[in-house]
1. How large is the Kirkwood hydrodynamic radius of the stretch 169-217, in angstrom, based on all distinct alpha carbon pairs?
2. What angle, in degrees between 0 and 90 and rounded to the nearest 10, separates the Cα long axis of helix 59-71 from the longest principal axis of the Cα atoms of the chain?
3. Could you compute the FRET efficiency for residue 31 and residue 198, with r as their C-beta to C-beta distance and R0 at 41 Å, rounded to 0.05?
4. Calculate how steeply helix 141-156 sits against the longest principal axis of the alpha-carbon atoms of the chain, using the helix alpha-carbon long axis, and give the answer as 0 to 90 degrees to the nearest 10.
5. On a 0 to 90 degree scale, rounded to 10, what angle separates helix 296-306 from the longest Cα axis of the chain?
6. How big is D for the stretch 5-109, in µm² s⁻¹ as a whole number, if Stokes-Einstein is applied with the Kirkwood radius of its Cα pairs at 20 °C and 1.002 mPa s?
7. For the stretch 128-191, take the convex hull of the Cα atoms, compute a quarter of its surface area, and give me that in nm², please.
8. Using helices alone, I'd like the mean residue ellipticity at 222 nm for the chain: each DSSP H run of four-plus residues gives -39500 (n - 2.57), total over residue count, nearest 500.
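Every read-out reported here was derived from the displayed coordinates using simple, explicitly stated rules and does not represent laboratory data. These numbers were taken from a predicted model, which means no experiment stands behind them. Glycine gets a Cβ as well: all are built from the backbone with ideal geometry, and neighbour counts include every protein chain shown.
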């Protein structure tokens, strides 16, 4: 019997940090995956956590765990596949040291990721965006903070983790105003700020300088806001904005929706998809291509460019007398 515990300890204390240099977010995600897996195995087999061995991690057990995540916990296919990646990562490192489990581990490594349906990109129209940005109560510091945060998010498309990690030194308001951040994959990038965004940020930052801490958008004690706190603030302002713009009620809006909104604004303005990928911090344009399918007006403009010289622009409308039209064919 080869206990799992030594492999876990070796992977997280040596391989993940020293050899691979994985980011803290990735390590935390992998840690949570193994915590969930061990709890699931303990619950289904009755074996204590410290007695679980590598031989128990066969393809059937891992598949049952992944099905549990999706069917019982309600996780998405994306989350299911991410958990499988975390399991594979550790087992691939453990395999050379435990050839006696090569067949079992090999079958787990061969488990396929589950295919997911193409995601639908939700974004806000200009009217909806303006209603949301006007929702915070600017008579209070919290309201002014939220308005500055939402304005920055809608214009730059920063991820929620990037927004919550910002410090005041990341916001550059002098010549060539921009915001800097280290995003997914520890990729550093600088994103320009528009005059409209600056008009909201400058008075806010002046007020922010009188308060403790270095977080760009602080909590009550000057600390960085958590992801949950930011989403709660957004939900509060969304409820207010919906009264002025009813179309918001039909949309599921999160902080990531503002990222999609920023990308769609750039695309609708004719910005090349490669530039948008750089703007959003995507490693390649394949992640950005989804925006090309999100707005039918972009496709309509493409059709209009390909029509013949004698074809009248616009959408075809059949004659009122459909039977007469069919008879004439």
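1. With all distinct Cα pairs of the stretch 169-217 included, I get 11.9 Å.
2. Helix 59-71 sits at roughly 40 degrees to that axis.
3. Working from the Cβ atoms, E equals 0.55.
4. The angle comes out at about 90 degrees.
5. Around 60 degrees separate the two axes.
6. It comes out at roughly 152 µm²/s.
7. 5.0 nm²
8. -16000 deg cm²/dmol
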